[in-house]
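The structure appears below as structure tokens.
The values are calculated or read from the model by the stated rules, or taken from the named source; none is laboratory data. In this text the structure is predicted, and so the values were computed from the model without any measurement. Here the Cβ is made from the backbone with ideal geometry for all residues, glycine too, and neighbour counts use every protein chain on show.
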Ligand SMILES: [Zn+2]
């Protein structure tokens with residue numbers, strides 16, 4: 001995908017030092033992920049929200065590291081995965097139970113779980129698991145994660161607008177309270193964000209750009225933009241990476257793949273790109289493990 005398919009992420013600080021705000025549009029990113037996973041109907045919305053929320057967590061907690069999120073359905077048999085990488089490439093995976101309705105929103109308000117895993121600078125993983133709030137709201141689930149697992153008071157809203165069965169706009173914002181915060185400022189911000197708990201009406205009006213969301217979120221509050229970054233749909237798969245994961249399989253599995261002497265076709269689960277392995281390449285894996 002070309003640079004034209006990139007979405008913008010903006011970061012700002014209010015002049016009073018009280019708030020950090022991140023806004024982003026994710027229209028192209030989620031459309032790319034939805035297309036590769038062949039997602040249909042109301043599930044598009046949930047998938048889009050998980051992708052946008054995951055990017056927000058990464059941009060706020062560790063922009064130069066990787067964040068993955070797993071949303072598990074009430075019955076624990078279906079899940080959505082979002083994987084956001086430091087270079088902005090973001091991809092997703094939809095794994096539905098065989099008998100799940102592929103076009104319905106995934107039931108997540110009665111036992112659903114959100115798990116977030118983010119890489120730390122020392123290579124370790126910070127992981128948090130929270131119960132999705134009864135409302136089934138993905139925004140609320142990410143806010144709960146930030147509070148319970150990151151001990152950070154954060155307001156998050158993610159959303160999308162659909163028309164004709166497709167996502168036509170997606171995005172979100174995150175407002176984080178900095179330690180210097182004054183009580184009176186918190187009251188003003190809380191009041192202000194009440195109008196923006198749901199950003200869908202804005203998205204439906206075509207006002208999905210990160211710049212617009214920033215102006216709206218901080219309307220009347222002096223602020224400075226401190227960074228602009230980009231995200232896009234993109235996968236990290238390669239012949240080498242797939243070979244590395246094949247090499248971790250039990251020897252007997254590789255031998256059975258070799259049995260018919262044909263080329264082995266493998267498709268990347270995330271982006272559906274196809275790769276081929278020759279019997280010689282497979283035999284090479286056997287000698288290296
Ligand atoms: Zn791939």
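Among what's in the range 162-184 and is modelled with pLDDT of 90 or more and part of a loop (DSSP other than H, G, I, E, B), pick the residue that is surrounded by the fewest Cβ atoms within 10 Å (Cβ to Cβ).
164
For the range 241-257, enumerate the residues that are crowded, with 16+ Cβ neighbours inside 10 Å and away from the ligand (no atom under 16 Å from the Cβ).
Of everything in the range 241-257, those that are crowded, with 16+ Cβ neighbours inside 10 Å and away from the ligand (no atom under 16 Å from the Cβ) turn out to be 254, 257.
So which of 193, 125 is more than 25 Å from residue 33 (Cβ to Cβ) and either touching a strand residue (DSSP E or B) at 6+ places or on another chain (Cβ under 6 Å) or surrounded by 14 or more Cβ atoms within 10 Å (Cβ to Cβ) (or both)? Working first, answer last.
On the way: 125 fails: more than 25 Å from residue 33 (Cβ to Cβ).
It is 193.
Among the residues that make up the range 225-240, is at least one of them away from the ligand (no atom under 14 Å from the Cβ), buried (at least 16 other Cβ atoms within 10 Å of the Cβ) and farther than 30 Å from residue 196 by Cβ?
The answer is no; no qualifying residue exists.
If residue 82 satisfies every condition in (1) touching a helix residue (DSSP H, G or I) at 6+ places or on another chain (Cβ under 6 Å); (2) within 16 Å of the ligand (Cβ to nearest atom); (3) within 15 Å of residue 229 (Cβ to Cβ) but one, which is the exception?
(3)
Among the residues of the range 120-132, is there at least one that is part of a strand (DSSP E or B) and within 16 Å of the ligand (Cβ to nearest atom)?
no
Scanning the range 247-267 for residues that are in contact with a strand residue (DSSP E or B) (Cβ under 7 Å, 6 or more places away or on another chain) and in contact (Cβ under 8 Å) with a residue 24 or more places away in the chain, which turns out nearest to residue 29 (Cα to Cα)? Working first, answer last.
First pass over the range 247-267, keeping only residues in contact with a strand residue (DSSP E or B) (Cβ under 7 Å, 6 or more places away or on another chain): 257, 263-267.
Remaining after also requiring in contact (Cβ under 8 Å) with a residue 24 or more places away in the chain: 257, 266.
Numbers: 257: 35, 266: 24 Å.
The qualifying residue nearest to residue 29 (Cα to Cα) is 266.
May I ask you to verify whether residue 90 is under 16 Å from the mean Cα position of the chain (by Cα), in contact (Cβ under 8 Å) with a residue 40 or more places away in the chain and in a helix (DSSP H, G or I)? Before you say what the answer is, go through the steps one by one.
Numbers: under 16 Å from the mean Cα position of the chain (by Cα): yes; in contact (Cβ under 8 Å) with a residue 40 or more places away in the chain: yes; in a helix (DSSP H, G or I): no.
Considered against the rule, which asks whether it is under 16 Å from the mean Cα position of the chain (by Cα), in contact (Cβ under 8 Å) with a residue 40 or more places away in the chain and in a helix (DSSP H, G or I), residue 90 comes out as no.
Taking residue 184, is it over 30 Å from residue 89 (Cβ atoms), more than 16 Å from the ligand (Cβ to nearest atom) and either touching a residue at least 60 places away in the same chain (Cβ under 8 Å) or outside the structural domain of residue 48 (by TED's automatic domain parsing) (or both)?
Working: over 30 Å from residue 89 (Cβ atoms): yes; more than 16 Å from the ligand (Cβ to nearest atom): yes; either touching a residue at least 60 places away in the same chain (Cβ under 8 Å) or outside the structural domain of residue 48 (by TED's automatic domain parsing) (or both): no.
In short, no.
Specify which of the listed residues (270, 277) is surrounded by 17 or more Cβ atoms within 10 Å (Cβ to Cβ) and either away from the ligand (no atom under 16 Å from the Cβ) or within 30 Å of residue 135 (Cβ to Cβ) (or both).
270
May I ask you to list the residues in the range 3-31 that are surrounded by fewer than 24 Cβ atoms within 10 Å (Cβ to Cβ) and closer than 18 Å to residue 272 by Cα?
Residues satisfying the conditions are 28, 31.
Considering (1) farther than 26 Å from residue 176 by Cα; (2) modelled with pLDDT of 95 or more, say which one residue 138 fails and leave the rest.
Looking at each condition in turn, residue 138 falls short on (1).
How many residues are surrounded by 14 or more Cβ atoms within 10 Å (Cβ to Cβ) and either over 16 Å from the mean Cα position of the chain (by Cα) or touching a residue at least 60 places away in the same chain (Cβ under 8 Å) (or both) when one looks only at the range 103-113?
6
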